[in-house]
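Read-outs throughout are calculated quantities, based only on the coordinates presented, and are distinct from any laboratory measurement. This one's a predicted model, so the numbers in the text were calculated from it and none came from an experiment. Every residue, glycine as well, gets a Cβ built from its backbone with ideal geometry; the counts of neighbours run over all protein chains shown.
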Amino acid sequence: RYKYFYYFCAAQKIGVSVADDPLGPFKDSGKPLIDKLPKGVNGGQQIDADVFTDPKTGKSYLYWGNGYMAGAELADDMVSIKPETTVVLTPDDTYREGTYVFYRNGKYYFMWSEDDTRSENYKVRYGIANGPLEKITIPANNIVIAKDTHAGIYGTGHNSVLQIPGRDEWYLVYHRFNYPNGIKMGDAAGWNREVCIDSLTFDAKGMIKRVIPTLKGIKPVKITAK
């Protein structure tokens, strides 16, 4: 029987709720999963939880942080952290928030957002590591997606990634200022956003090709149930 885990942030802390059905009802675990800064970090917020299950080992990991990136191995109960596994992973000073991790062809891809959700320059960058909690190497050209002023697209950030089951076919899901009026809203654009999806592709070396944001999105994708 499956359990469903809903990770959320509130009051600059990360919590988790559990249900027997993806539609709920979800019951809170009773206490924050993350409620303080990692050791050695002097500022930031405990938000933007991302859970990644390593297909090589079956182990699950939690990533989080605004102003810093941290990661830790989740215990088997999925509502607690394994002791002494928390690692600060902040890749460089472009990191702001919104960590997302996925695995492809032996590489662990770490994505994050730079700048602020209210900024037209909000964008996604990436790095690559050899393991879920190992040092992140940053490619020379590591912008995944950024604004396109000619298309009137701004504030492209805070993403996730979808892989079509059984295929090397990938998509980037992200949010951006509402089109076309978001750019005129000032800071309010940060809370007037739209969810978008565009294709995500790689070169022969496994580097991510820069995504050009579109107003059309993608064509419907057919998935055959097994």
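Residues in segment 51-65 that are outside any loop (DSSP other than H, G, I, E, B) and either of a type outside the set (Val, Ile, Thr) or crowded, with 19+ Cβ neighbours inside 10 Å (or both): PHE52, SER60, TYR61, LEU62, TYR63, TRP64. Pairs are defined by a Cβ separation below 7 Å, a sequence spacing of at least 6 or placement on different chains, a first member in segment 181-199 that is within 24 Å of VAL211 (Cα to Cα), and a second member that is of a type in the set (Ser, Thr, Tyr) and not in a strand (DSSP E or B); the pairs so defined are GLY182/TYR154; ILE183/TYR154; GLY190/THR117; GLU194/TYR179; ASP198/THR214.
Let's see how each residue does on (1) under 30 Å from GLY58 (Cβ atoms); (2) aliphatic (A, V, I, L, M); (3) within 17 Å of the chain's Cα centre (by Cα):
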position	(1), (2), (3)
THR117	no, no, yes
GLY166	yes, no, no
ALA189	no, yes, no
GLU194	no, no, yes
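Residues in segment 200-222 that are assigned to a loop (DSSP other than H, G, I, E, B) and either among the aromatic types (Phe, Trp, Tyr) or without any contact (Cβ under 8 Å) to a residue 24 or more places away in the chain (or both): ASP203, ALA204, LYS205, LYS209, LYS216, GLY217, LYS219, PRO220, LYS222.
Consider segment 1-50 and keep the residues that are β-branched (Val, Ile, Thr) and in a loop (DSSP other than H, G, I, E, B). The one that is farthest from the chain's Cα centre (by Cα) is VAL41.
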